[in-house]
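For reference, the structure discussed in these notes is given below.
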Amino acid sequence: MLVIRMRRTGSKKRPHYRVVVTERRSPREGGFIETLGFYNPRTKPAVVDVNKARRCPPDTRPAATRCPIT
């Protein structure tokens, strides 16, 4: 099963995260399938940039389980 997670990057005490798609059982810093965007909590206001077109492919799932793109 695939999940969307934040993978920590950056140096010590200066976090920066990548929003990635990964297998559910893989560790936080383990391998990932695709990078969807990034999150930078150190800026004011915090910056979240996610590619909405890649977040949920439109025709890969049945209509009942397809996630909405907002």
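The values are calculated or read from the model by the stated rules, or taken from the named source; none is laboratory data. Everything numeric in this text was worked out from a predicted model, so none of it was measured. No Cβ is skipped: glycine too gets one built from the backbone with ideal geometry, and neighbour counts run over all protein chains shown. Side chains are part of the model used for accessible areas, which takes the heavy atoms of the whole protein and leaves out ligands, DNA and RNA. Shrake-Rupley method; radii C 1.70, N 1.55, O 1.52, S 1.80 Å.
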Taking interchain pairs and intrachain pairs at least six residues apart, which have beta carbon atoms under 6 angstrom, with the first residue in region 1-30 and over 17 Å from Val47 (Cα atoms) and aromatic (Phe, Trp, Tyr) and the second open to solvent by less than 70 Å² (accessible area, probe 1.4 Å) and in a loop (DSSP other than H, G, I, E, B)? none
Restricting the search to region 17-38, which residues are open to solvent by less than 60 Å² (accessible area, probe 1.4 Å), assigned to a strand (DSSP E or B) and in contact with a Phe, Trp or Tyr (Cβ under 9 Å, 6 or more places away or on another chain)? Tyr17, Val19, Val20, Val21, Thr22
